[in-house]
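What follows is a short report on a single structure.
Please treat every number below as a calculation from the coordinates, not as lab data. These numbers were taken from a predicted model, which means no experiment stands behind them. Positions of Cβ are backbone-derived with ideal geometry, glycine not excepted, and every protein chain shown enters the neighbour counts.
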Amino acid sequence: MPAQPRRRALLRAMLALAASPAIASAADEALPDRAGSPLAPWQPGWLDIHHIATGRGNATFVMLPDGTSMLIDAGASNNGLDTSVAPRPDASRRAGEWIGRYARRHLRRAGLVALDYLLVTHVHPDHTGDVGAASPLAANGKYRLSGVTDVAELLEIGTVVDRGYPDYAYPAPIQGAFADNYRAFVQERRRAGRAVERVKVGSATQLRAMGHRPGAPAFEIRNVAANGEVWSGQGESAVAHFPPLSTLARADWPNENVCSIAVRLGYGRFSYFTAGDLTSYTEDGALPWRDILGPAAKAAGPASVATADHHGMFDGLDAEVVRALRPQVWVVPSWHIAHPDMLQLERMFSQRLYPGPRDVFATSVMRENMLANGRLTSRMRSHDGHVVVRVAPGGARFHVAVTDNRDEDDRVALVTGPYLA
Ligand SMILES: [Zn+2]
């Protein structure tokens, strides 16, 4: 190589290093996680966000700095193996059982026994559980076990927060055995005197610190969107984005996905944004109000870590959403052959939409998807395993640990970071 290009290459490498403010210096203290070792237990002051990879749907277990715990969704789809990855760890248990056991063992390691919150972003099988004739009945005989009901069978749940309580009638009652089963679960909880609440958009106090471990720095869980309402960014007020149903053709009414709950976790400089299956797609401008993800991302962003909502499907992230969130870490909650979509990956990696380094992780990517999208999936940091975001006390630094989802040992396969929030 002639001298000139070599110097240029060296300069480029130095500039790339200098342009990586997100990567903390090597002098920083060692991370608690190491590849090959079990995931270090949660400690007071840490914020841990576990994207659980069952291959059957979304489930995110959150341990907050004071020991408050929250599970966001507990999906259990019955998709076939031609279109979905195989169940993980294996098919000997239902996905909801694996999720409940995951949350339970991490709570126990922290000296805790109950889950404080179950946040249900919307009622779909890959977020709440599918049911069929083969789904066993709960011990109380009132509903079948799948997804959230499997979790509830294993763990005491303090408060369930969803978008539809109490009537589940907006914009119209959801049809399907899975929805009937979820409503039966809610009804039984209420009969037993247990808490269920409808999400209050804009609120930063509905999901609050329970103070299980005193002395932890303050954090905030902001309800950013649901049912077409989006937090205004001011106080706790929200703005309605859906037009009155009476002005819409019945076929154009908001669907379940676009009614999803979005939340933002804030901890010091760190923030995390996730929004169930919210989408930004407007049918190419025909239905502009369908873009709820855009206003939600603008109200909540920028974020240190964000999920590629609706599993990285074609209708999730548009350019404006990516510009608004501009995270250092993207997590794609994926398992289906269509997850993630190629253009969604282009946007997540695009240096034109926002400059600087970023890492992209996925919970599970099918081989067929990797073959189709290899040019971009090859740039992802992981394609299989639980993606655990761990924020150090105070919220200034975080790292990501990917753990093996083939058993329940929580062995670390990969550690990235530290990142500066
Ligand atoms: Zn979904």
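In the chain, the longest principal axis of the Cα atoms and the axis of helix 95-109 are about 70 degrees apart.
Computed from phi, the 3J(HN,Hα) profile of segment 134-151 under the Karplus parametrisation 6.51, -1.76, 1.60 (θ = phi - 60°) reads 7, 6, x, 6, 5, 4, 7, x, 8, 7, 8, 9, 5, x, 4, 6, 5, 4 Hz, with x in place of Gly and Pro. Which FRET efficiency value, to the nearest 0.05, do you get for Ala195 and Ala372 by plugging their Cβ-Cβ distance into 1/(1 + (r/R0)^6) with R0 = 45 Å? It comes to 0.50. Compactness of segment 83-122 was expressed as the Cα radius of gyration divided by 2.2 N^0.38 Å, which yields 1.41. The Cα center of segment 303-354 and the Cα center of segment 110-136 differ in position by 25 Å.
Considering only Cα atoms, the convex hull volume of segment 37-420 works out to 132 Å³ per residue. Dividing the summed helix terms, -39500 (n - 2.57) for each DSSP H run of n ≥ 4, by the number of residues in the chain produces a 222 nm estimate of -6000 deg cm²/dmol to the nearest 500. If the label point is 7 Å along Cα→Cβ of Asn140, which residues in segment 88-129 have backbone nitrogen under 16 Å from it? Output list for this probe position: 115, 118. Look at the Cα gyration tensor of segment 298-420: its axes a ≥ b ≥ c give a/c of at least 1.5 with a/b at or below b/c, and that counts as oblate. Can you classify segment 107-211 as rounded, prolate or oblate using the Cα gyration tensor, where a ≥ b ≥ c are the square roots of its eigenvalues, rounded means a/c under 1.5, and otherwise it's prolate if a/b beats b/c and oblate if not? In terms of gyration-tensor shape, oblate. Inter-label distance, Ala338 to Thr205: 4.2 nm, where each label sits 7 Å from its Cα along the C-beta direction. Here the extension length gained between Phe314 and Arg250 equals 20.7 nm, from 0.36 nm per residue of separation less the Cα-Cα distance. The Cα atoms of segment 33-145 give a gyration tensor whose axes a ≥ b ≥ c have a/c of 1.5 or more with a/b greater than b/c, which makes the shape prolate.
Please determine, in degrees from 0 to 90 and to the nearest 10, the orientation of helix 177-191 with respect to the longest principal axis defined by the Cα atoms of the chain, where the helix direction is its Cα long axis. Long axis of 177-191 versus the principal axis of the chain: about 70 degrees. Computing FRET efficiency as 1/(1 + (r/R0)^6) for Asp90 and Gln234, where r is the C-beta to C-beta distance and R0 is 60 Å, gives about 0.80. D by Stokes-Einstein for segment 191-245, Kirkwood Rh over Cα pairs, 25 °C, 0.890 mPa s: 185 µm²/s.
Axis of helix 3-18 versus longest Cα principal axis of the chain: the two differ by about 40°, to the nearest ten degrees. Across segment 244-283 the C-alpha pair distances fall into 10 Å bins from zero in the proportions 24, 38, 23, 12, 3 percent.
The packing ranking, built from the mean of other Cβ atoms within 10 Å per residue, places the peptides 238-249, 333-344 in the order 333-344, 238-249, highest first. For the peptides 212-225, 288-301, 378-391, 80-93, the ranking by mean Cβ contacts within 10 Å, running from highest to lowest, is 288-301, 378-391, 212-225, 80-93.
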